[in-house]
Amino acid sequence: AQTVTQSQPEMSVQEAETVTLSCTYDTSESDYYLFWYKQPPSRQMILVIRQEAYKQQNATENRFSVNFQKAAKSFSLKISDSQLGDAAMYFCAYDRRNNNDMRFGAGTRLTVKP
Amino acid sequence: DTGVSQDPRHKITKRGQNVTFRCDPISEHNRLYWYRQTLGQGPEFLTYFQNEAQLEKSRLLSDRFSAERPKGSFSTLEIQRTEQGDSAMYLCASSLVPSTDTQYFGPGTRLTVL
């Protein structure tokens with residue numbers, strides 16, 4: 001079974017600083033996707049960034065980037081120039097190709113201090 | 001292009017009652033998923049549809065739960081004889097395969113069973 005572990009229940013960062021959220025996963029598959037989703041308080045979950053396992057290049061989306069280490073089964077999210085609007089729960093997720101059973105970590109609550 | 005919508009957003013019911021939730025996916029998305037999210041946890045997969053066919057069900061989906069997607073568009077999730085342990089956020093997501101494996105989430109229906 002595939003499992004996703006987020007070892008940091010809570011993180012905080014000063015506005016404009018950089019923070020890294022950790023995620024590890026366990027799988028025997030070679031073809032899969034990894035995602036970071038953001039869930040603001042009482043608001044819906046939105047996709048932050050996705051990574052295809054066969055791509056060696058780390059995905060980036062504006063201030064968000066990942067460090068994908070396939071051999072180590074690690075998928076961390078770096079948020080640069082943190083903004084107050086980045087405060088949310090962040091979930092790491094794993095899905096096999098032709099997704100049908102996405103697995104989520106328990107989440108990391110990010111606080112951004114002004 | 002409207003996103004995934006869910007109705008109702010909140011539902012309070014008494015133990016033993018039946019409840020039904022609706023999900024309208026992004027138009028033209030052929031896959032629709034249901035997840036359950038309890039407080040402080042990541043979403044857990046319940047079931048998914050490819051068009052109108054229900055292709056997979058989690059062991060979390062007890063006999064009291066039933067989901068349908070009769071015309072391959074909207075879906076309903078019914079819980080019969082609700083129990084207090086059913087209290088959770090029920091999330092719906094949709095995707096278009098094989099074009100993309102990214103799932104887009106709705107705002108969820110928060111169920112409280114008294």
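Since every read-out is calculated from the coordinates, none of them should be taken as a lab result. Note that the coordinates shown come from a computational prediction; the quantities given were computed from them, not determined experimentally. Neighbour counts are summed over all protein chains in view; Cβ atoms, including those assigned to glycine, are modelled from backbone coordinates with ideal geometry.
Points worth noting:
- Spin-label zone in the stretch B:15-51 - amide nitrogen under 14 Å from a point set 7 Å from the Cα of residue B:84 along the C-beta vector: B:15-16
- Take the Cα of residue A:72, step 7 Å toward its Cβ, do the same at residue B:7, and the gap between the two points is 4.9 nm.
- Inter-chain neighbour count for B:28-36: the average number of beta-carbon atoms from partner chains within 10 Å of each residue's beta-carbon is 1.
- Alpha-carbon Rg/Rh ratio, for the protein assembly as shown, with Rh computed the Kirkwood way: 0.97
- Filtered GluC sites (Glu not before Pro), the stretch B:41-75: DSSP coil and at most 15 other beta carbons within 10 Å: B:52
- Rel. contact order, % - alpha carbon contacts under 8 angstrom, at least six apart, chain A: 37 percent
- Rounded D (µm²/s) - the stretch B:25-94, Kirkwood Rh over Cα pairs, Stokes-Einstein at 25 °C, 0.890 mPa s: 197 µm²/s
- Descending Cα extents along the principal axes, chain A, whole Å: 42, 28, 21
- Normalised by the number of residues in the stretch B:1-106, the mean separation of alpha-carbon contacts (under 8 Å, six or more apart) gives a relative contact order of 34 percent.
- A simple spin-label model places the labels of residue B:30 and residue A:18 4.2 nm from each other, with each point 7 Å out along Cα-to-Cβ.
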